[in-house]
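Trainee: Here it is, the structure in full.
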Amino acid sequence: MNETRESSPRPDLFSAAQAVAAGTDFAELAVGPAGLFWNEFRPQDAACRIWHWRAGQARCLTPDGFSARSRVYEYGGGSFCLIDEGLVFVNEADQQLYLQALAGGAPRQLTQGSQRYGDVRAAAHQVLAVEESHQPDRVEHRLVSIELADGNRHVLAEGADFYASPTLSDDGQRLAWIEWSRPHQPWTVTRLMVCERLPSGQWSKPSQLGDAGEQSLQQPRFDRDGRLYCLSDRDGFWQPWGETEHGWALLPSRPADHAGAPWQLGACTWLPLDAGHFLATWFEDGFARLGIGQPDGLVEDYSADFTRFRSLAMDDGHIYAIAASATCPAAIIAIDRLSRQARVLTGGVLPLAAAQVSRPQPLRYASGDSEAFGFFYPAMNGDSQPPLVVFIHGGPTSACYPVFDSRIQYWTQRGFAVADLNYRGSSSYGRAYRQALHLRWGEADVEDACAVVSHLAARGLINPGQAFIRGGSAGGYTTLCALAFHNVFRAGASLYGVSDPLALGKSTHKFEGDYLDWLIGDPQQDEARYRARTPLFHAGNIKVPVIFFQGELDAVVVPRQTRDMLKALHDNGLPAEAHYYPDERHGFRKAANLAHALEQEWGFYRRVMEG
């Protein structure tokens, strides 16, 4: 890491180390006869470990030297599933499947080779999975099943570019999955496929269900009677649809997104129950709700005081979820189905006194000929016109949520207000809003980032002369574009951000190989548009300091992007600095690196304001 001068922080402030330590997160909740299971990430050791909760006691099942994390599509997801003997998980180091007995002991390796596995699902005496194979000239994906007894592998489907969500009916007679082909992304156009088991035991030729029009489908589910359901955005939002005698029909549900963009595999934001009932979470103005939908359209609300829900699971007595709120970090919760009372099983420990926490206020403001959304967090030092940090999330087809974020609190504790933006193109606000970034990346998102400064300044909430912008990955691109093409911000921070989209398109991984065509256009036919929106080519327009943070192992935004942009700024005599982390990939995971980056960014902004 490159070191720079840093003045001593006040000892009473919420430190970077405390902020990072509060970053424990959870994923992939599952419930079965043996109890409740989840995958837990702790930045202290940068490992993902599976925990087992039963009768009020939790214990870690993942031994030292293992970490349950998939890298399929680089973003992974679906890293474990429950089986009768225990569970099967993807080991981060070698991406192979391992069988872990509940009694403990060393995991038994189930697969061998160089393939990666993800989105693992139990199916009788097998495990279904998405398989990723890296060849010298291409990357291939397919659906496979793996025999638990001997690890034998069977190909279930191949030929499409991408696969997700292999799902088997309870009677084992129907297999469904999602697939899509380039140049589409999983949030633009996908297909729901199904095949039937033949008397011979083999599978029939796959057929596509539902309309073949432009819609994104995700999370197929069978109910106990073998009927198939799926989330579709054909009516403008990701809502549940199901098989009927007359074809596919929309289940009575709120006109709202019942899922976010599927960047990772293995998501579970809804579950069909019986007789037309379903458990689901959905978004209203960016805030999540949780409930059981009924055939008459009414909803039993189980939201309690939480504002985001992930990885839903259910048994006869409880609803389980990974949940969070403005004053509750990520937690595993159990909600009693009769009383609707929520209980935190683990996590949810607030590292600050509740009175010290800056609470999110919904933002909805005009931007260009449209509007944008987000959340505003007031500074906690009482300053009536504090400096502002604008947070730009990655993706860009992702979202921010109104939940406790220790990074945001790190800034509000230091007298900064924060605007956490869901600019045009973000998910959770419907298909039309998500599609609003089509061919407009580097324009619409940047317009929204700049407009929020004038919006908040007009309300007297911030000092517009001390506005900063920061973003990671795609958010770093928006940051650099805002600095290059607008005179709004005092300085900016790019965390593993894109500075040259054309170079990114030549070097990025398969999952995002055509994403830039959708965001900006064809690299050859629309070369002028690319050049007009490439921060690297307009580095001379940047007149304010910039700080960069980059992982040396990043395969999504390669380190050369940062080095080229830094050199261009230095060649123009601009004060810019960079910090490189040799042991980080795309998105930082190690506690020391996360804390170091926060401290350096804060010191950087202080020097800018004092200079």
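The values are calculated or read from the model by the stated rules, or taken from the named source; none is laboratory data. The shown structure was predicted, so the numbers you read here are calculated from the model rather than taken from an experiment. Cβ atoms come from the backbone with ideal geometry, glycine included; neighbour counts cover every protein chain shown.
Rundown of residues vs (1) within 23 Å of the chain's Cα centre (by Cα); (2) in a strand (DSSP E or B); (3) closer than 21 Å to residue 26 by Cβ, yes/no style:
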position	(1), (2), (3)
225	no, no, no
243	no, yes, no
248	no, yes, no
253	no, no, no
260	yes, no, yes
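Trainee: Next up: Give the residue, chosen from 201, 172, that is out of contact with any strand residue (DSSP E or B) (no Cβ under 8 Å at 6 or more places or on another chain) and farther than 17 Å from residue 74 by Cα.
Mentor: 201
The rows are residues; the columns are (1) of a type outside the set (A, V, I, L, M, F, W, C); (2) farther than 21 Å from residue 320 by Cβ.
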{"residue": "331", "(1), (2)": "no, no"}
{"residue": "336", "(1), (2)": "yes, no"}
{"residue": "346", "(1), (2)": "yes, no"}
{"residue": "352", "(1), (2)": "no, yes"}
{"residue": "367", "(1), (2)": "yes, yes"}
{"residue": "371", "(1), (2)": "yes, yes"}
{"residue": "377", "(1), (2)": "yes, yes"}
{"residue": "385", "(1), (2)": "yes, yes"}
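Trainee: So, one more: Residues in region 316-326: is at least one assigned to a strand (DSSP E or B), under 21 Å from the mean Cα position of the chain (by Cα) and closer than 30 Å to residue 459 by Cβ?
Mentor: Taking every residue of region 316-326 in turn, at least one turns out to be assigned to a strand (DSSP E or B), under 21 Å from the mean Cα position of the chain (by Cα) and closer than 30 Å to residue 459 by Cβ.
Yes/no per residue for (1) small (Gly, Ala, Ser); (2) part of a loop (DSSP other than H, G, I, E, B):
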| site | (1), (2) |
| --- | --- |
| 404 | no, yes |
| 407 | no, no |
| 410 | no, no |
| 426 | yes, yes |
| 429 | no, yes |
| 434 | no, no |
| 438 | no, yes |
| 441 | no, yes |
| 447 | no, no |
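Trainee: Here's another thing I want to ask about it. Restricted to region 152-188, and to residues that are in a strand (DSSP E or B) and in contact (Cβ under 8 Å) with a residue 60 or more places away in the chain, which residue is farthest from the chain's Cα centre (by Cα)?
Mentor: My answer is 162.
Trainee: Does residue 150 satisfy being out of contact with any Leu (no Cβ under 7 Å at 6 or more places or on another chain), crowded, with 21+ Cβ neighbours inside 10 Å and not assigned by TED's automatic domain parsing to the domain that holds residue 438?
Mentor: No, not satisfied.
Trainee: Another question about this same structure. What tally of residues in region 482-516 results from selecting those that are within 11 Å of residue 544 (Cα to Cα) and among the polar types (S, T, N, Q)?
Mentor: Total meeting the criteria: 1.
Trainee: Going through 221, 191, 254, 289 one at a time, which residue ends up being more than 22 Å from residue 314 (Cα to Cα), in contact (Cβ under 8 Å) with a residue 12 or more places away in the chain and surrounded by 15 or more Cβ atoms within 10 Å (Cβ to Cβ)?
Mentor: 191 is the lone residue from the list that is more than 22 Å from residue 314 (Cα to Cα), in contact (Cβ under 8 Å) with a residue 12 or more places away in the chain and surrounded by 15 or more Cβ atoms within 10 Å (Cβ to Cβ).
Trainee: What residue, of 398, 454, is surrounded by fewer than 23 Cβ atoms within 10 Å (Cβ to Cβ), part of a helix (DSSP H, G or I) and of a type in the set (Gly, Ala, Ser)?
Mentor: 454
Trainee: Continuing with the same structure: Filter region 273-288 down to the residues that are in contact with a strand residue (DSSP E or B) (Cβ under 7 Å, 6 or more places away or on another chain) and at pLDDT 95 or above, then identify the one that is nearest to residue 228 (Cα to Cα). Before the answer, list the steps.
Mentor: Residues of region 273-288 that are in contact with a strand residue (DSSP E or B) (Cβ under 7 Å, 6 or more places away or on another chain), as a first pass: 273, 277-282, 285-286, 288.
Filter again for at pLDDT 95 or above, leaving 278-282, 288.
Details: 278: 13, 279: 15, 280: 16, 281: 19, 282: 20, 288: 25 Å.
Filtering region 273-288 for residues that are in contact with a strand residue (DSSP E or B) (Cβ under 7 Å, 6 or more places away or on another chain) and at pLDDT 95 or above, the one nearest to residue 228 (Cα to Cα) comes out as 278.
Trainee: Pick from 507, 494, 473: which is surrounded by 22 or more Cβ atoms within 10 Å (Cβ to Cβ), hydroxyl-bearing (Ser, Thr, Tyr) and closer than 30 Å to residue 137 by Cα?
Mentor: So the residue among 507, 494, 473 that is surrounded by 22 or more Cβ atoms within 10 Å (Cβ to Cβ), hydroxyl-bearing (Ser, Thr, Tyr) and closer than 30 Å to residue 137 by Cα is 473.
Trainee: Another question about this same structure. What pairs come out if I take residues in region 513-524 that are under 11 Å from residue 442 (Cβ atoms) and polar (S, T, N, Q) and pair them with residues that are modelled with pLDDT under 95 and surrounded by fewer than 18 Cβ atoms within 10 Å (Cβ to Cβ) whose C-beta lies under 9 Å away, six or more apart or interchain?
Mentor: Matching pairs, first to second residue: none at all.
Trainee: Same structure again: Just checking, how many residues over region 99-120 are within 29 Å of the chain's Cα centre (by Cα) and either within 21 Å of residue 75 (Cβ to Cβ) or of a type in the set (Gly, Ala, Ser) (or both)?
Mentor: Selection size over region 99-120: 9.
Trainee: Hey, residue 537 hits all of (1) among the hydrophobic types (A, V, I, L, M, F, W, C); (2) assigned to a helix (DSSP H, G or I); (3) within 30 Å of residue 118 (Cβ to Cβ) but one; which does it fall short on?
Mentor: (3)
Trainee: Being of a type outside the set (Lys, Arg) and surrounded by fewer than 22 Cβ atoms within 10 Å (Cβ to Cβ) is the requirement here; does residue 426 meet it?
Mentor: Working: of a type outside the set (Lys, Arg): yes; surrounded by fewer than 22 Cβ atoms within 10 Å (Cβ to Cβ): no.
Taking the combined requirement at face value, the residue does not satisfy it.
Trainee: Let me spell it out: the conditions are (1) surrounded by 20 or more Cβ atoms within 10 Å (Cβ to Cβ); (2) free of Cβ contacts under 8 Å to residues at least 40 places away in the same chain; (3) hydrophobic (A, V, I, L, M, F, W, C), and residue 60 meets all of them except one. Which number is the exception?
Mentor: (1)
Trainee: Go through 232, 216 for me and flag whichever is in contact with a Gly (Cβ under 8 Å, 6 or more places away or on another chain), at pLDDT 95 or above and closer than 26 Å to residue 511 by Cβ.
Mentor: 232
Trainee: Here's a follow-up. Can you name every residue in region 342-376 that is of a type in the set (Ser, Thr, Tyr), out of contact with any Leu (no Cβ under 9 Å at 6 or more places or on another chain) and within 28 Å of residue 433 (Cα to Cα)? Outline the logic, then answer.
Mentor: Just the residues of region 342-376 that are of a type in the set (Ser, Thr, Tyr), to begin with: 346, 358, 365, 367, 370.
With the extra rule that they be out of contact with any Leu (no Cβ under 9 Å at 6 or more places or on another chain), the set shrinks to 346, 358, 367, 370.
Once the filter is applied, which keeps residues that are of a type in the set (Ser, Thr, Tyr), out of contact with any Leu (no Cβ under 9 Å at 6 or more places or on another chain) and within 28 Å of residue 433 (Cα to Cα), region 342-376 yields 358, 367, 370.
Trainee: Then there is this: Since residue 415 meets every condition but one in (1) in a loop (DSSP other than H, G, I, E, B); (2) small (Gly, Ala, Ser); (3) more than 21 Å from residue 609 (Cβ to Cβ); (4) out of contact with any Lys or Arg (no Cβ under 7 Å at 6 or more places or on another chain), which condition does it not meet?
Mentor: (3)
Trainee: In addition: Those residues that are outside any strand (DSSP E or B) and either among the polar types (S, T, N, Q) or surrounded by fewer than 21 Cβ atoms within 10 Å (Cβ to Cβ) (or both), I need them from region 293-314; list them, please.
Mentor: 294, 295, 296, 297, 298, 303, 304, 305, 307
Trainee: Scan region 9-32 and report the pairs whose first residue is under 20 Å from residue 48 (Cβ atoms) and whose second residue is modelled with pLDDT under 90 and surrounded by 19 or more Cβ atoms within 10 Å (Cβ to Cβ), with Cβ atoms within less than 6 Å and a gap of 6+ or a chain change.
Mentor: Taking only residues 6 or more apart or on different chains, the pairs are 20/43; 23/43.
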